[in-house]
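Coordinate-derived values only; no laboratory data. Since the model is a prediction, treat every value here as computed from it, not as a measurement. We place every Cβ from the backbone using ideal geometry, glycine too, and count neighbours over all the protein chains shown.
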Amino acid sequence: MQIQSLYQEIILDHYRNPHHKGLREPFDVEVHHVNPTCGDEVTLRVALKDVGGDPVVTDVSYDSLGCSISQASASVMSDLVIGKPVSEAMRILQEFLDLMQSKGQAEPDEAVLEDAVAFAGVSKYPARIKCALLGWMAWKDATGQALDETTGQAS
Ligand code: ZN
């Protein structure tokens, strides 16, 4: 399926030259997520560091296979969350979720979403939204588990 979009070049660029790809150590949690409707898969690792009670995403690494949208989205997501406090990264995730639920009507905030604005056109294609969200959902899952472990150790 052809997705006509002003942002197609950004997506293709991330697909051809994915950022932060390849599984790395150290990491706290590894997850494997699948998007069965398209056949996309991602294995994703998250490393967090507690800086004065405020966990920071120190690294996200992943190995992915599947369509260009799912792979480009994982690349863009890793750019956006690495180095950020988890609370801020979760806000960016929420912005991206809102964009994906906008059916092509949202005006994405480039200051927050950076290259992720390129996926605005995907929100018009319900079958592809799961492709764009696969990496983000894997990150959210892994980060939630890593936070649980941190909390468990503290109490
Ligand atoms: Zn896909």
Computed FRET value (nearest 0.05) for Asp54 with Val112, which takes r as the C-beta separation and R₀ as 30 Å: 0.95
Cross-link candidates for Lys103: which lysines have Cα within less than 22 Å, leaving aside residues fewer than 8 places away along the same chain? Lys124, Lys130
Per GNM of the chain with C-alpha springs under 10 angstrom, the most fluctuating residue out of Gly135, Gly22, Gly121 is Gly22
Points 7 angstrom from Cα along the Cβ direction at Arg16 and Ser68: gap in nanometres? 1.0 nm
How big is the chain by the Kirkwood estimate over distinct Cα pairs, in Å? 15.5 Å
Please report Rg over Rh for the stretch 7-64, where both radii come from the alpha carbon positions and Rh follows the Kirkwood definition. 1.07
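Using DSSP H assignments, which helices in the chain have an axial alpha-carbon span of 24 Å or above and a mean Kyte-Doolittle hydropathy of -0.5 or higher? Display every interim value, and only then the final one.
Details: long enough: 126-154 (41 Å, -0.19).
For the chain, where a helix must reach 24 Å along its axis and average at least -0.5, the hits are 126-154.
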Lys/Arg Cβ at +1, Asp/Glu Cβ at -1, dipole of the chain taken about the Cα centre: which of Val60, Ala138, Ala120 is farthest positive-ward? Ala120
